[in-house]
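Here is the structure we will look at.
The values are calculated or read from the model by the stated rules, or taken from the named source; none is laboratory data. Because the structure is a prediction, the values reported are computed rather than measured. Cβ sites come from the backbone with ideal geometry, for glycine too, and all protein chains shown count toward neighbours. Note: areas computed on protein heavy atoms with side chains; ligands, DNA, RNA excluded. Shrake-Rupley method; radii C 1.70, N 1.55, O 1.52, S 1.80 Å.
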Amino acid sequence: MDNEELVLKNTIYASGFFYYITKSHNSYLYSFMKNLNINGNEYSFLLYLYHNNGSTQSDLAESFKIPKSQVSRSFKKLEEKNFIIRKKDDENKKFYKIFLTGK
């Protein structure tokens, strides 16, 4: 058996292995999000803010390639759930900087 055949044979086993890892991870993640009463978008935004605390809504919209209105709606929900706070930017009053709360 040459290397190419060996790689092809092992790729089949590896893809099944990664499938079950992904399925297990998603199961854990969805139950975690359900307990916190957040959806996938909100979770992604919180994760982004964890690494980029103090970002603006425009920063997130640009990073995720989605409309600013969608980010704004999600942030409104996250603010109601006390996950984030929005503060006016001192340099540009049109923008809000977003910060995670202790929750």
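A DSSP coil position with no more than 14 other Cβ atoms inside 10 Å describes the following GluC sites (Glu not before Pro) in the chain: Glu91. The distance between label points at Glu79 and Asn92 comes to 1.8 nm (points 7 Å beyond Cα on the Cα→Cβ vector).
Phi-derived couplings, Karplus 6.51 cos²θ - 1.76 cosθ + 1.60 at θ = phi - 60°, listed residue by residue for the stretch 92-103: 9, 5, 6, 9, 10, 9, 10, 10, 6, 8, x, 4 Hz, with x used for Gly and Pro. For the stretch 50-69, the residues whose backbone nitrogen is under 11 Å from a point 7 Å from the Cα of Leu100, taken along Cα to Cβ, are 50-54. The simple spin-label model puts a point 7 Å past each Cα toward its Cβ; for Ser63 and Ile12 those points are separated by 4.2 nm.
Per residue, the chain reaches -22000 deg cm²/dmol at 222 nm when only DSSP H runs of four or more residues are counted, each adding -39500 (n - 2.57). The apolar share of the surface of the chain, taken as the fraction of accessible area on carbon and sulfur atoms (1.4 Å probe, ligands and nucleic acids excluded), comes to 54 percent. Taking mean projected area of the Cα convex hull in nm² as the quantity of interest, determine which of (i) 5.6; (ii) 6.8; (iii) 9.3 was computed from the displayed structure. Checked against the structure: label (iii).
Compared with the dominant principal axis of the Cα atoms in the chain, helix 3-36 is inclined by about 30°. Between the helical axis of 40-51 and the longest alpha-carbon principal axis of the chain there is an angle of about 80 degrees. Give a quick list of trypsin sites (Lys or Arg not before Pro) in the stretch 1-70 that DSSP marks as loop, anything other than H, G, I, E or B, with at most 11 other Cβ atoms within 10 Å. Within the stretch 1-70, the qualifying trypsin sites (Lys or Arg not before Pro) (loop, at most 11 other Cβ atoms within 10 Å) are Lys65. Take every Cα pair under 8 Å whose residues are at least 6 apart in sequence, average their separation, divide by the length of the chain, and the relative contact order is 22 percent.
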